[in-house]
Amino acid sequence: MRPSRTPRRAARVAVLAPDDTVFLLRYDNEEVGVHWAMPGGGLEPGEGPRAGARRELREETGWTDLEPGPLLCTWQHDFTLPRALGRARTGTPAVGTPVRQSEHVYLAHGPRREPTEGVATAHADDRILGWRWWYPDELAGAPEALWPPQLPALLAPLYGRGGKPGTDPVPRDLGYVPNSPPRQG
């Protein structure tokens, strides 16, 4: 029998660089395994999605000069909050809780760079294993799961603009996306 799911609101930011690369973090989750996702996470009580996306981007990268831009997509998926999560917040599900997460994903344009020093605690708490910038062809052939799996198609219309804002993406509602089995390399 499947465990019941606690609803959780979250937000993420897709950072697109001038060379059409996108910044992703490599997470490990006890339920879904290793996967790549944009910086982001759960919203605090009373926090809106855009404010949460901005806060999470700063916590996980240290970048204070980027703002979430237009909405790229919304989607829902299941996972279990990491047991190592040391930053449990009042009013949020407890660590180890199976959740159905509803995410807002925003777009930001920024320079290609490394996360700043001082993000190691956030990475350890969130079970972030590493990070990298992905070119479009690499993203399309990623050997590990992407969150959301439709990320290559969502970003494709944005390539070729030199990392500069242009026509805003048409936000897509991906609905509920079930977890896929881990990819074999």
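The values are calculated or read from the model by the stated rules, or taken from the named source; none is laboratory data. Bear in mind that the values here come from a model prediction, so they are computed numbers and not experimental data. Here the Cβ is made from the backbone with ideal geometry for all residues, glycine too, and neighbour counts use every protein chain on show. Surface areas here come from the heavy atoms of the whole protein model, side chains and all, with no ligands, DNA or RNA. Shrake-Rupley method; radii C 1.70, N 1.55, O 1.52, S 1.80 Å.
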(message) Among the residues of region 115-126, what is the count of those that are surrounded by fewer than 17 Cβ atoms within 10 Å (Cβ to Cβ) and either assigned to a strand (DSSP E or B) or touching a residue at least 12 places away in the same chain (Cβ under 8 Å) (or both)?
(response) 5
(message) Is it the case, given these coordinates, that Pro169 is farther than 25 Å from Glu59 by Cβ and buried (at least 17 other Cβ atoms within 10 Å of the Cβ)?
(response) no
(request) For Ser180, work out the one condition from (1) open to solvent by 30 Å² or more (accessible area, probe 1.4 Å); (2) assigned to a loop (DSSP other than H, G, I, E, B); (3) at pLDDT 90 or above; (4) within 16 Å of His35 (Cα to Cα) it doesn't fulfil. (result) (3)
(request) Exactly one condition in (1) open to solvent by 60 Å² or more (accessible area, probe 1.4 Å); (2) modelled with pLDDT of 95 or more; (3) more than 29 Å from Arg5 (Cα to Cα) is not met by Arg100; state its number. (result) (3)
(request) Please specify each residue of region 123-157 satisfying the condition of being under 24 Å from Asp78 (Cβ atoms) and among the aliphatic types (A, V, I, L, M). (result) Ala124, Ile128, Leu129, Leu139, Ala142, Ala145, Leu146, Leu151, Ala153, Leu154, Leu155
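Conditions (1) at pLDDT 95 or above; (2) open to solvent by 30 Å² or more (accessible area, probe 1.4 Å); (3) closer than 16 Å to Ala37 by Cα, marked per residue:
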{"position": "Trp133", "(1), (2), (3)": "yes, no, yes"}
{"position": "Ala156", "(1), (2), (3)": "no, yes, no"}
{"position": "Gly160", "(1), (2), (3)": "no, yes, no"}
{"position": "Gly163", "(1), (2), (3)": "no, no, no"}
(request) Would you point out the residue of region 38-59, among those that are within 21 Å of Cys73 (Cβ to Cβ) and of a type in the set (Gly, Ala, Ser), that is surrounded by the most Cβ atoms within 10 Å (Cβ to Cβ)? (result) Ala53
(message) Looking at Leu72, Leu81, can you tell me which residue is surrounded by 20 or more Cβ atoms within 10 Å (Cβ to Cβ) and at pLDDT below 95?
(response) Leu81
(message) Condition first: open to solvent by 40 Å² or more (accessible area, probe 1.4 Å) and either outside any loop (DSSP other than H, G, I, E, B) or in contact with a Cys (Cβ under 7 Å, 6 or more places away or on another chain) (or both). Now tell me which residues in region 9-19 satisfy that.
(response) Arg9
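Condition (residue is part of a strand (DSSP E or B) and either within 18 Å of Trp131 (Cβ to Cβ) or out of contact with any Phe, Trp or Tyr (no Cβ under 9 Å at 6 or more places or on another chain) (or both)) applied to region 46-64: is it met by at least one residue?
no
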(message) Suppose we filter region 127-164 for residues that are closer than 17 Å to Ala17 by Cβ, of a type in the set (Gly, Ala, Ser) and part of a strand (DSSP E or B); how many remain?
(response) 0
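Could you go through region 20-37 and let me know if any residue there is more than 16 Å from Leu151 (Cβ to Cβ), modelled with pLDDT of 95 or more and buried (at least 17 other Cβ atoms within 10 Å of the Cβ).
No, that holds for no residue.
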